[in-house]
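Contents: one structure, followed by commentary.
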Amino acid sequence: MELKNEFYNILLVDDEADVLQAMKRKIDWEALGFRMAGTAENGQEALELAEQMHIDVVLTDIKMPFMDGLTLCKKLKENYRNIKVVIYSGFDDFEFAREAIHLEAEEYLLKPISAKDLENVFRKIKESLDKEFAERRNVDKLREYYQKSLPSMQEQLFVSILEGRVTVEKAAALLTAYEMNLEANCYSATILKADVKDSSMVQLINLSLKDLVEDYLKEQMRFYSCVYLDRIVVLFMMDSAAEMADVLYHLEQIIKMGSRMLDVNITASAGQTCDELLNIASSYQEAQNAMEYRAILGGSNQVIYINDIEPSPEDSVPFQEFDYQDILRAVKLGEREETERAIRKFVDNLRDKAVTPNQYQIACMELLTEFTKIGRAYKLSTREIFGSDTIPWQEVYQFSSLEELEQWLREVCTNLRRTLRHERSDSTTKLTEKAKEYIEAHYKESDLSAETLCRYLNVSTAYFSTIFKREVGRGFSAYLTKVRLEHAIELLMTTEDKTYVIAEAVGYTEPNYFSYVFKKEYGISPSKYRAMREKEQN
């Protein structure tokens, strides 16, 4: 498989603008196989750019304000293991060099750096990157790995547990026989699904994604993974349900790395935690339900947690006689035509099976019970669910034909679909407004973060980021900066406080960094902004 990325992306980091320009000019980067993706004047700005862009190599100075090169290297290695870092310095200091090696920097260069030395370093880095990308995408290597994947008996047992097709006693005996240690206090079933247009490549891409998952998670958490149908299933094994936040974080990192290295869009979904191994079937079903929301939430490369999208989910009820899942799924997620097809299928099933009056009543009551469960999750009244105050159980018994039942079900489902969409829209609006209120009340706190806010809102950071950016038009960090700067302007115009006092008052512990952010947003320093506005008013 050929690499589609013609160039690898470089981020240059130096607080001296002339050095940045010299670095850009002195090397023909494209001839070496690289492209200048951006520049940053300090480590903090570089870290923010790395979160927004696909960066392959960071070339950074050590001595910089706000965040030095070694700290930047450490944070990059913690959050983006596949990014290569090259550090340069004007100080021939052994401690600096030793720390750079400890942080797994690719090279530590001393100024002045010759063009030849820099070219040699980046030729080696390109060889390393080419090898890594080729290993992920090479079809022959993927086929070879396919033959050496986990033993089929282990995967068959895991799938049987996943689908709830094995008893406690049998599972315990087979787990021992197959040397599988899945013991834990808490579990969560998750799904990773890659959008692969070429159907012949689905299994090969999935195997490569599974390899990436295992490589990343082996030092993070206990887990078991396998390729199942068109997705990767990952069972996380935890000491407590509190580790679910870590699960969601690691899924986000896997998506970022996988989408970049495999050149595909990836969606992850997660079910609730459970404390028994054989209960993971319920968690897996919830993960599948969560995956169905990806079209509604928009786009791929996201993590969808069932607790974020379905309030107070009830345990699913098995139906032996009739299958209502198509109707329920269409009501929650589908369009009108899909709902009508599901209803027609249900009514045709009643007709084809020639059910008795008693069987008919039981089938209808069970379906209406499922509607009630959906409504209860959203705290809806009977009128909001069924469109009237009449008792639905009595109404069903009065129909003289299946055609009347079908027409009534259409009306109920249409009403319920419309109500759920309105409730879901209101929910995201309320979540966004609540987040804005919290930011407004806590912007002065220097340690305010998306994680702190999400703990207050009781949602995952992945879900919050998707909703907040969609509703507000900008991410959390950008919005927080906007709020802080607006309050800073107000203080500049209504007080005579020094800049460092105002910086602290709006949540910046570093006055210099506050001035840097202010100037980046408005083009001038805070003091000059104050002088300009005072001059305009006079």
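The values are calculated or read from the model by the stated rules, or taken from the named source; none is laboratory data. On a predicted model such as this, the values are computed, not experimentally measured, just so you know. When we count neighbours, we look across all protein chains shown, and the Cβ atoms used for this are built from the backbone with ideal geometry, even at glycine. To get the accessible areas, we keep the full protein, side chains included, count just its heavy atoms, and leave off ligands, DNA and RNA. Shrake-Rupley method; radii C 1.70, N 1.55, O 1.52, S 1.80 Å.
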So SER446 clears everything in (1) among the small types (Gly, Ala, Ser); (2) in a loop (DSSP other than H, G, I, E, B); (3) in contact with a helix residue (DSSP H, G or I) (Cβ under 7 Å, 6 or more places away or on another chain) except one condition, right? Which one?
-> (3)
Of all residues in the range 53-90, count the ones that are in a loop (DSSP other than H, G, I, E, B) and under 24 Å from the mean Cα position of the chain (by Cα).
-> 8
Within the range 457-467, can one find any residue that is modelled with pLDDT of 90 or more and either closer than 22 Å to GLU41 by Cα or hydroxyl-bearing (Ser, Thr, Tyr) (or both)?
-> no
Can you tell me which residue within the range 485-537, out of those that are open to solvent by less than 70 Å² (accessible area, probe 1.4 Å) and outside any helix (DSSP H, G or I), is farthest from PHE66 (Cα to Cα)?
-> THR495
Looking across the range 28-51 at residues that are open to solvent by 10 Å² or more (accessible area, probe 1.4 Å) and within 17 Å of ILE62 (Cα to Cα), the single one that is farthest from the chain's Cα centre (by Cα) is GLU41
Filter result for the condition that a residue is open to solvent by 80 Å² or more (accessible area, probe 1.4 Å), touching a helix residue (DSSP H, G or I) at 6+ places or on another chain (Cβ under 9 Å), more than 30 Å from VAL247 (Cα to Cα) and at pLDDT below 80, over LYS353, LYS345 = LYS353
With the condition kept exactly as written, say whether any residue in the range 301-309 is open to solvent by 30 Å² or more (accessible area, probe 1.4 Å), touching a Ser or Thr at 6+ places or on another chain (Cβ under 7 Å) and modelled with pLDDT of 80 or more.
-> yes
Could you please find all residues in the range 156-177 being assigned to a loop (DSSP other than H, G, I, E, B) and either within 17 Å of VAL233 (Cβ to Cβ) or in contact with a strand residue (DSSP E or B) (Cβ under 7 Å, 6 or more places away or on another chain) (or both)?
-> GLU163, GLY164, ARG165, VAL166
Out of GLN361, GLN398, GLN407, GLN394, report the one residue that is modelled with pLDDT of 85 or more, among the polar types (S, T, N, Q) and out of contact with any His (no Cβ under 7 Å at 6 or more places or on another chain).
-> GLN407
Has the range 182-189 got at least one residue that is farther than 26 Å from GLU292 by Cβ and of a type in the set (A, V, I, L, M)?
-> yes
Selection over the range 92-122 where residues are open to solvent by 80 Å² or more (accessible area, probe 1.4 Å) and either farther than 19 Å from LEU12 by Cβ or modelled with pLDDT under 80 (or both) yields a count of 7
Only strands (runs of 3 or more DSSP E) wholly contained in the range 197-278 count here; list those with 2 or more residues that are of a type in the set (Val, Ile, Thr) and at pLDDT 90 or above.
-> 231-238, 265-270
Residue pairs within 6 Å by beta carbon, gap of at least six or interchain, first lying in the range 69-86 and closer than 14 Å to HIS102 by Cβ, second in a helix (DSSP H, G or I) and open to solvent by 40 Å² or more (accessible area, probe 1.4 Å), listed first then second, are LEU70/GLU99
Going through the range 3-28 in order, the residues found to be free of Cβ contacts under 8 Å to residues at least 60 places away in the same chain and not aliphatic (A, V, I, L, M) are GLU6, PHE7, ASN9, ASP14, ASP15, GLU16, ASP18, GLN21, LYS24, ARG25, ASP28
